[in-house]
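One structure, as structure tokens, below. Some questions next.
All of the numbers you see were taken from the coordinates with simple rules; none came from a lab. Just so it is clear, the structure is predicted and the values come from calculations on it, not from any experiment. Neighbour counts run over all protein chains shown; Cβ positions are idealised from the backbone, glycine included.
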Amino acid sequence: MTTELKTRYLRVLEEIEQAAQSAGRQPEQIDLVVVTKGHPAKAIEELFQLGARQVGENRLAEGLEKQIQLSHLADLTWHMIGHVQSRKAADIAGKFSLIHSLDSVKLARRLDRFASQAGITQEVLLQFNTSGEASKFGFNALQGQLFPEMITAIEEILSCTHLRLRGLMTMAPYSPDPEDARPAFSALRRLQDSLAQRFSHTDWSQLSMGMSADFQVAIQEGATLLRIGTAIMGPIKI
């Protein structure tokens, strides 16, 4: 095991605990998803030995290959955090415990179809674009407001009997100043509150937000799932 990987992993765990306590939250309310894009399966196995149990992949083919290589790690939970093309729904349904990036009704329909064929219920998060950046995927949600077309889309997604909504995901703008991420995170939290009121029988408890540069701010704004890669894994290897 590399000393650097262990040091970085333990340091991030400590920073998460400190940020949670400073925000008046319990660290146990926050799950760390280690983003392993571009890193070999061996590194994930080393993290597993340190106690990591949740990993996130951005690329479908890379994630599926690593799942095969690490099939002996039965307790490892896989998250798909990258954009998913609807034509790839057949390949992804049932292969990841949680899909963070459901961003269209079309994708929802196809995931539902293939989850039904597989006889499973696929857990998903709705991805929202809370920054207004054209480069970001997700339903438009500036200022955390509900729009009629958004409500219609969510109602249709909720009708998919083989999908289970667990909450929301967003990506903040890239910036050297973590505070620049706060508006995007607070908008997602407001959206969570609005959706919980309008669709009270749905589980909106999970907020996937916060990465290496801004996870402390995300914790302050209510994140329950942190997607941290570089701060733990270091530069991409493959």
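Among the lysines, which have Cα under 27 Å from the Cα of LYS106 when same-chain residues fewer than 8 positions away are ignored?
LYS37, LYS88, LYS95, LYS136
Can you order the peptides 41-51, 18-28, 91-101 by their average number of other Cβ atoms within 10 Å per residue, highest first?
91-101, 41-51, 18-28
Could I ask something else about it? At a threshold of 8 angstrom on Cα-Cα distance, excluding pairs fewer than six apart, so keeping six or more, what relative contact order does the chain reach in percent?
Relative contact order comes out at 22 percent.
What residues have an amide H closer than 5 Å to that of SER101, excluding those fewer than 5 places away on the same chain, when H is modeled at 1.01 Å from N in the peptide plane?
Result for SER101 returns LEU125.
Moving on to the next point. Could you grab the relative contact order for segment 36-121? Cα pairs under 8 Å, six or more apart, rounded to a whole percent.
Numbers: 94 pairs, mean separation 21.1, N = 86.
Result for segment 36-121 is 25 percent.
Given the -39500 (n - 2.57) contribution per DSSP H run of 4+ residues, what per-residue ellipticity at 222 nm results for the chain, rounded to the nearest 500 deg cm²/dmol?
Values: 9 runs with 96 residues, N = 238.
Counting only the DSSP helices, I get -12000 deg cm²/dmol.
Quick one: 3J(HN,Hα) in Hz for segment 26-42, Karplus 6.51/-1.76/1.60 with θ = phi - 60°, rounded, Gly and Pro as x.
Residue by residue, segment 26-42 yields 8, x, 5, 7, 10, 9, 9, 9, 7, 7, 10, 3, x, 10, x, 4, 4 Hz.
Something else now. Based on the alpha-carbon gyration tensor of segment 19-98, what equivalent-ellipsoid semi-axes (square roots of 5 times the eigenvalues) come out, in whole Å, largest first?
Result for segment 19-98: semi-axes of 24, 17, 11 Å.
Please compute the contact order of segment 72-115 in relative form: average sequence separation of alpha-carbon pairs under 8 Å and at least six residues apart, divided by the residue count, as a percent. All intermediate terms of the calculation are to be shown ahead of the outcome.
On the way: 43 pairs, mean separation 19.6, N = 44.
Reported relative contact order: 45 percent.
How many percent of DSSP beta bridges within segment 66-188 run antiparallel, rounded to 5?
Here the antiparallel bridges make up roughly 0 percent for segment 66-188.
Can you tell me the Rg and Dmax of segment 3-233, counting just the alpha carbons, in angstroms?
17.0, 52
Need one word for segment 179-225: rounded, prolate or oblate. Basis is the Cα gyration tensor (sqrt eigenvalues a ≥ b ≥ c); a/c below 1.5 gives rounded, then a/b vs b/c decides.
prolate
Could you tell me the center-to-center distance, by alpha carbons, between segment 71-104 and segment 172-196 in angstrom?
A separation of 24 Å, based on Cα centres.
Could you size up the charge dipole of segment 2-119 around its Cα centre, putting +1 on the beta carbon of Lys and Arg and -1 on that of Asp and Glu, and report it in debye to the nearest 20?
For this selection, approximately 580 debye.
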